[in-house]
């Protein structure tokens, strides 16, 4: 009888451990913490790219040059496309948004909307022409034209043998004067990883 | 007729003069050709603003390739099972590689049927086997 009771308790304990070990565990972690799981491009890489490129683009002397040439008028920038030519799916928006945010926060650079968002703005403006009150209606033809366009590319090199792999990423951003096509700033972030399976 | 030609010449001259007059210092006088070209494709190109164009490549990774091969083999075996084939034992095996039934491997030259519970199915063999 006593033996049966011990057996029952042991069975419950073992099944409890088994269930606990099989259930998924999720833990909130800091976004600044680097956790490498597969060795692929992850949030830490995007953060490192954003930090370095933001520091470089705001610290470069193209802003002062522009201010001097345009009587203190701040440069207006539009974000163009980024070409991902690496071996992984990487969305540049994860670090470009940080750079855009730094433009606005630093008050050194003005930013204008482009792409689909700009289309949506114009569509809204078009809608206002027939639906909004005359006093609140926004007019066409008064947008700020960008002085510079920010474009970029992501490249990678993979060297692997058996269970070892070295992956090298290079993120390039270029700022070009739209009027003259002159490249006024180039920034790059290089990341190398050694992965052992 | 002559009047019409004169009027045409006058109009084209006026347009030309207007274009020349609107040029800023050092501007290429043929800039309108380029402008006309890019106005046509501007919407398509500008829709890419802020977009990441995924132009990725597949890098060779020895370990990943090995895992991929395993996955493919597993999927292939699964497909085979679904099709009713079970006999993937090696040809040098104890039972002649295909069937452990000397009875079915002999004489009729085929090994399908549900007689022995579906260990084999759908495949026809030619000749006499060495089952045992």
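A few comments on the model shown:
- When you restrict to C-alpha pairs under 8 Å that are six or more residues apart and normalise by the size of chain A, the relative contact order lands at 20 percent.
- Between residue A:38 and residue A:159, the contour length at 0.36 nm per residue exceeds the alpha carbon distance by 42.0 nm.
- Cα-based helix-to-principal-axis angle, A:115-131 vs chain A, degrees rounded to 10: 60 degrees
- Helix axis angle, A:2-22 relative to chain A longest principal axis, alpha carbon, degrees: 20 degrees
- MRE, 222 nm, helices only [DSSP H, n ≥ 4, -39500 (n - 2.57), over chain A, to nearest 500]: -13000 deg cm²/dmol
- Principal-axis tilt of helix A:43-59 within chain A, Cα atoms, nearest 10 degrees: 30 degrees
- Computed over chain A with a Gaussian network model linking Cα atoms closer than 10 Å, the most mobile of A:140, A:81, A:103 is A:140.
- On a per residue basis, the convex hull of the C-alpha atoms belonging to chain A measures out at 225 Å³.
- Antiparallel DSSP beta bridges within chain A, percent to nearest 5: 75 percent
- Euclidean distance of C-alpha centroids, the range A:128-153 and the range B:22-65, integer Å: 22 Å
Bear in mind these aren't lab numbers, they're just calculated from the coordinates by the rules spelled out. Because the structure is a prediction, the values reported are computed rather than measured.
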